[in-house]
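Report on the structure given below.
The values are calculated or read from the model by the stated rules, or taken from the named source; none is laboratory data. A quick note: this is a predicted structure, and the numbers were derived from the prediction, not measured. Here the Cβ positions follow ideal geometry from the backbone for every residue, glycine too, while neighbour counts run over all protein chains shown.
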Amino acid sequence: MVSTGSGLIDRLKEIVGTANILTDPQDQAPFLSDWLGKYRGTAVAVVRPGTTQEVADVMVACAAAYVPVVPQGGHTSLSGGATPDMSGCAVVLSLVRMNRIRALDPIGQTMAVDAGVILANVQNAAQEAGFFFPLSLGAEGSCTIGGNLAANAGGVAVLRYGVMRELTLGLEVVLPDGRIWNGMKALRKDNTGYALRDLFIGSEGTLGIITGAVLKLFPQPTARATAFVAVADVGAALRLLGVVRKHCGDRLTAFEFLTGETLAMIQRQIDDVRVPLGKIPAAGVLIELSDIDDEMALSARLERALGAAMDDALVTDAVVAQDNAQAKSIWRLRESVSQALVREGKAIKHDISVPVAEIADFVAAADLAVAEALPGIRPMVFGHLGDGNLHYNLMRPLAMSEEAFVAQGGLLTRIVHDQTSRRHGSISAEHGIGQLRVGEMAVCKAPLELELMQALKRLLDPDGLMNPGKLLPM
Ligand code: FAD
């Protein structure tokens, strides 16, 4: 066994080179707190291997020393998933140096990448080759493919292209004992038993280190049509979704909902962002179509759909972007929500999904229940309505201190998650369980599901060294 002290550090230096191991607290600091500034941890070392074999050797050394490992990509998790705890026992294993595009197959329309490649670089590499990689989210300039896989990320184009699990054909994974599973298959059909790939996707770094992936590519859309639409409420937005689908079919790529309170908050907090309508509506929807068609035809199609929705009194006002700059400024409104929330103050956050047809009912019931529990509470609700996924965030009543409000967090989360469970929904649609929601797993997950997950965890990670304290209750 290697000791946790200098013995392990020396061995890790041998594996990755002295320059790629950080032991000084100041050097480590950027790796030890999360994007929201909510979680902070300490670590024995931050290690940055450059190859799959180096990852494997690091895992062997850490397993021999019984040292926990916290995998980390771009460190943009919104649930504290990539931040170590305060025990100071863990090694943070950062994939940032594993940033190669390994191969692009234009016939099979696939791309093989290292897990540390930043999402935006994958999008750009696909575009340069005349293809399209559709995963798109606010953190795309920082988050990595490995983190996207471990969190089974969603984003704004799920409606058309699916979540990360649906965008991935193969994986390469280093197991907690250092063995390398080469599942880098580019197969669209493979019926040879259990889908191991799907087990690691969404496992939040608790079963192994994802080091490579084969991703699906798509034809590059040549036309986009973007609109911002005012609606009366979430129910009207859902009916609008049906109308747009009927007129536009699979061209519908994004359907993003924001309440009027959320829009007002964005305008209050972010100087150069404006709602592109005369006034802030009761609720708004960002709609985007994309196609390999011409731009005019696509805009005309969107206008026809919106005209039909206006005839049905579903839309009270609408603007269709006339050029790229207008489309960008509409998107900036949606992309500014996370930053605006951070500036607005402490939020009790929820990332729920329910069957699409039940989402209006969920919002009505949750709004009522939280207002009864805490009069004056301010729900800031937005999300990927077409996926049944809402970010149901709660802000303090204006007369209440942040401290007193945060103390109510457990009660408010119970209310929101009970409303979710009642509709057979999920308490994490895309941000992951991490540390933030781990306590909720025992309440919201069926006992048999939890038992099966824990059995798989014990099989792959019998010493419980992979990302402890995340995803599964101890
Ligand atoms: P990290 O934060 O580093 O890690 C995330 C989890 O994956 C952790 O549990 C970590 O241990 C594990 N992990 C990381 N790399 C590996 C690996 N190679 N092998 C095994 N485990 C690993 N998410 C959405 O789904 N949709 C959105 O629309 C969305 N919008 C966002 C907007 C903003 C502004 C921000 C900050 C985040 C947003 N997110 C969204 C959260 C999203 O989950 C992350 O941005 C992203 O998927 C995580 O990638 P990352 O590389 O930063 O992973």
*Being out of contact with any helix residue (DSSP H, G or I) (no Cβ under 8 Å at 6 or more places or on another chain) and within 13 Å of the ligand (Cβ to nearest atom), is that true of even one residue in segment 15-26?*
no
*Tabulated pairs, segment 377-401, first closer than 19 Å to HIS417 by Cβ and without any contact (Cβ under 8 Å) to a residue 60 or more places away in the chain, second hydrophobic (A, V, I, L, M, F, W, C) and part of a loop (DSSP other than H, G, I, E, B), C-beta under 7 angstrom, 6+ apart or interchain*: GLY388/VAL354; LEU394/ILE377
*Inspect segment 71-89 for any residue being farther than 16 Å from PHE133 by Cβ, outside any loop (DSSP other than H, G, I, E, B) and within 15 Å of the ligand (Cβ to nearest atom) and give the result as yes or no.*
yes
*Just give me the residues in segment 161-175 being closer than 14 Å to LEU135 by Cα and hydrophobic (A, V, I, L, M, F, W, C), in sequence order.*
VAL163, MET164, LEU167
*Matching residues, segment 27-42, being away from the ligand (no atom under 13 Å from the Cβ) and either under 20 Å from ILE210 (Cβ atoms) or in contact (Cβ under 8 Å) with a residue 40 or more places away in the chain (or both)*: GLN28, ARG40, THR42
*Unique residue being modelled with pLDDT under 95 and either part of a helix (DSSP H, G or I) or within 16 Å of the ligand (Cβ to nearest atom) (or both) when the list is VAL443, VAL416*: VAL443
_Whichever residue in segment 376-391 is in a strand (DSSP E or B) and more than 15 Å from the chain's Cα centre (by Cα) and, among such residues, is surrounded by the most Cβ atoms within 10 Å (Cβ to Cβ)_ = MET380
*Single match in ASN148, ASN121, ASN99, ASN152 (criterion: closer than 20 Å to PRO71 by Cα, in a helix (DSSP H, G or I) and not small (Gly, Ala, Ser))*: ASN148
*State which residue pairs qualify: first residue free of Cβ contacts under 8 Å to residues at least 24 places away in the same chain and closer than 9 Å to ILE118 by Cα and inside segment 141-165, second residue within 7 Å of the ligand (Cβ to nearest atom) and not aliphatic (A, V, I, L, M) in any location, beta carbons under 9 Å apart, and separation of 6 or more residues or different chains.*
GLY141/GLY74
*Quick check: anything in segment 54-68 in a loop (DSSP other than H, G, I, E, B), closer than 30 Å to ASN182 by Cβ, within 12 Å of the ligand (Cβ to nearest atom) and touching a residue at least 24 places away in the same chain (Cβ under 8 Å)?*
yes
_Criterion first (in contact (Cβ under 8 Å) with a residue 12 or more places away in the chain, away from the ligand (no atom under 15 Å from the Cβ) and among the hydrophobic types (A, V, I, L, M, F, W, C)) does VAL46 satisfy it?_
no
_Just to be sure before I move on: is VAL243 more than 23 Å from the chain's Cα centre (by Cα), touching a residue at least 60 places away in the same chain (Cβ under 8 Å), buried (at least 23 other Cβ atoms within 10 Å of the Cβ) and away from the ligand (no atom under 16 Å from the Cβ) in the structure I sent?_
no
*Just to be sure, is LEU390 within 23 Å of ALA150 (Cα to Cα) and at pLDDT below 95?*
no
*Return only the number of the condition from (1) more than 21 Å from GLY434 (Cβ to Cβ); (2) in contact (Cβ under 8 Å) with a residue 60 or more places away in the chain; (3) assigned to a helix (DSSP H, G or I) that LEU368 does not satisfy.*
(2)
*Select from segment 134-177 the residues that are more than 20 Å from VAL96 (Cα to Cα) and hydrophobic (A, V, I, L, M, F, W, C) and write down the one among them that is farthest from the ligand (Cβ to nearest atom).*
LEU169
*Look at GLU256 and say whether it is part of a helix (DSSP H, G or I), at pLDDT 95 or above and either touching a helix residue (DSSP H, G or I) at 6+ places or on another chain (Cβ under 8 Å) or farther than 30 Å from PHE131 by Cβ (or both).*
no
_For segment 20-35, which positions are part of a loop (DSSP other than H, G, I, E, B), of a type outside the set (D, E, K, R) and surrounded by 19 or more Cβ atoms within 10 Å (Cβ to Cβ)?_
LEU32, TRP35
*Answer yes or no: is there a residue in segment 401-411 that is surrounded by fewer than 14 Cβ atoms within 10 Å (Cβ to Cβ) and touching a Gly at 6+ places or on another chain (Cβ under 7 Å).*
yes
*Select, from ALA103, ALA120, ALA125, ALA129, the only residue that is at pLDDT 95 or above and within 19 Å of the chain's Cα centre (by Cα).*
ALA120
*Would segment 163-180 turn up any residue that is out of contact with any helix residue (DSSP H, G or I) (no Cβ under 6 Å at 6 or more places or on another chain), surrounded by fewer than 20 Cβ atoms within 10 Å (Cβ to Cβ) and in a loop (DSSP other than H, G, I, E, B)?*
yes
_Counted residues, segment 426-454 - those being touching a His at 6+ places or on another chain (Cβ under 9 Å) and free of Cβ contacts under 8 Å to residues at least 40 places away in the same chain_ = 3
*Can you tell me which residue among GLY88, GLY81 is surrounded by fewer than 19 Cβ atoms within 10 Å (Cβ to Cβ) and either within 15 Å of PRO468 (Cα to Cα) or β-branched (Val, Ile, Thr) (or both)?*
GLY88
